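The values are calculated or read from the model by the stated rules, or taken from the named source; none is laboratory data. Please read all numbers here as calculations on a predicted model, not as lab measurements. Note: ideal-geometry Cβ built from the backbone for every residue, glycine included; neighbour counts use all protein chains shown.
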Amino acid sequence: MAEFIAWNSQPLDEWAKKYAQGKFIDLNGYSTHYIEKGEGDPVILIHGFFYDSYMWNKNIDALAKKFKVYALDLFGFGYSTREPMDYGYPLYADQLLKFMDAINIQRASLVGQSMGGGTSILFCVQHRERVNKLILVDAAGLPNPIPLLGKIANLPKVGGFAYGLNTNFVRKTTLKTTFIDKHFITDDYFENATRFHKIKGTTEVLLKILRKQFFNTLPSETHRLGEMDVPILIVWGRQDKAIPVARGQQMHEILKTSRLEFFDRAGHCPHDEQSEKFNQIAVDFLSQTEGAK
């Protein structure tokens, strides 16, 4: 059996040299890791909390057959910088803007899951002229109760203790609440999805974000987006326990230009659990010309 490597223990630079599969770009002194594939109109994938760009492992190649696809690691996640920051939607929307400016992307379609969906909503409200279309996957933003595991992590000292244990139990339990089919979390999937958690500073970022409780702070921005003429596809797992399906319906009602697709037998990551279905729907939506139904 391979030796267990402690969570939150590995230097970022050394771990990135071993495992980072993409490119790095400096954004005002802060490093951003990203994966780039394909040719065509730009599509930027923005991961949710707990994950990095590996979240889109089953989607990138399908999208890259028709589009130029970029999958970012947000600050504090993946192989991007772990510098102390004011983590939240404003930071991530600014990171996205700086990234687009740095590689000269004038307009792009955004695909965001959960926290990445909230980032996409704020970015579009702030920079409508830079966005072609939005795909929101079980997006955060609207008021929603904190899930049980989030409440536990927010307890003084408990979160740090739990995430610091030399065991996979806590992180596997977290992932298993995300999916309907528990067998989806294979050893290989778990290793790839959580590898960046081994990097020093990651646990502190996770707990800081959980305790800041900003995920559901975008009701006014969501209503502002609803007043804009933006093509929007909302995808929601019907069995999502983190952000229930009622939030998806509510978001659809607010976003007047949106189309809503529920995925049966899917949880918080329908793009992953039912990747073939998601990829087809996403490519069709992103390929449509303006005015097409």
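Here are a few things to note about the model shown:
- Of residues in segment 27-58 being under 24 Å from residue 89 (Cα atoms) and free of Cβ contacts under 8 Å to residues at least 40 places away in the same chain, the one surrounded by the fewest Cβ atoms within 10 Å (Cβ to Cβ): 29
- Scanning segment 112-153 for residues that are part of a strand (DSSP E or B), in contact with a Leu (Cβ under 8 Å, 6 or more places away or on another chain) and hydrophobic (A, V, I, L, M, F, W, C), we see that the one that is surrounded by the most Cβ atoms within 10 Å (Cβ to Cβ) is 136.
- Subset of segment 61-71 (residues that are within 16 Å of residue 116 (Cα to Cα) and surrounded by fewer than 22 Cβ atoms within 10 Å (Cβ to Cβ)): none
Residue by residue, here is whether (1) within 27 Å of residue 224 (Cβ to Cβ); (2) among the β-branched types (Val, Ile, Thr); (3) over 17 Å from the mean Cα position of the chain (by Cα) holds:
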| position | (1), (2), (3) |
| --- | --- |
| 74 | yes, no, no |
| 83 | no, no, yes |
| 98 | yes, no, yes |
| 101 | yes, no, yes |
| 107 | yes, no, yes |
| 120 | yes, no, no |
| 130 | yes, no, yes |
| 138 | yes, no, no |
| 142 | yes, no, no |
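- First in segment 167-184 and closer than 19 Å to residue 4 by Cα and hydrophobic (A, V, I, L, M, F, W, C), second anywhere and assigned to a helix (DSSP H, G or I) and modelled with pLDDT under 90, Cβ under 7 Å, 6 or more apart: 170/162; 170/163
- Hits in segment 196-249 (condition: in contact with a His (Cβ under 6 Å, 6 or more places away or on another chain) and assigned to a loop (DSSP other than H, G, I, E, B)): 240, 242
- Residue 260 without any contact (Cβ under 8 Å) to a residue 60 or more places away in the chain, touching a Gly at 6+ places or on another chain (Cβ under 7 Å) and assigned to a helix (DSSP H, G or I): no
- Strands (runs of 3 or more DSSP E) enclosed by segment 11-92 - at least 1 residues per element that are under 23 Å from residue 206 (Cβ atoms), small (Gly, Ala, Ser) and out of contact with any Gly (no Cβ under 8 Å at 6 or more places or on another chain): 30-37
- Qualifying residue in segment 219-241 (condition: within 30 Å of residue 15 (Cβ to Cβ), among the small types (Gly, Ala, Ser) and crowded, with 21+ Cβ neighbours inside 10 Å): no
- Matching residues in segment 146-164 - criterion: being in contact (Cβ under 8 Å) with a residue 24 or more places away in the chain and over 21 Å from residue 239 (Cβ atoms): 153, 154, 159, 160, 163, 164
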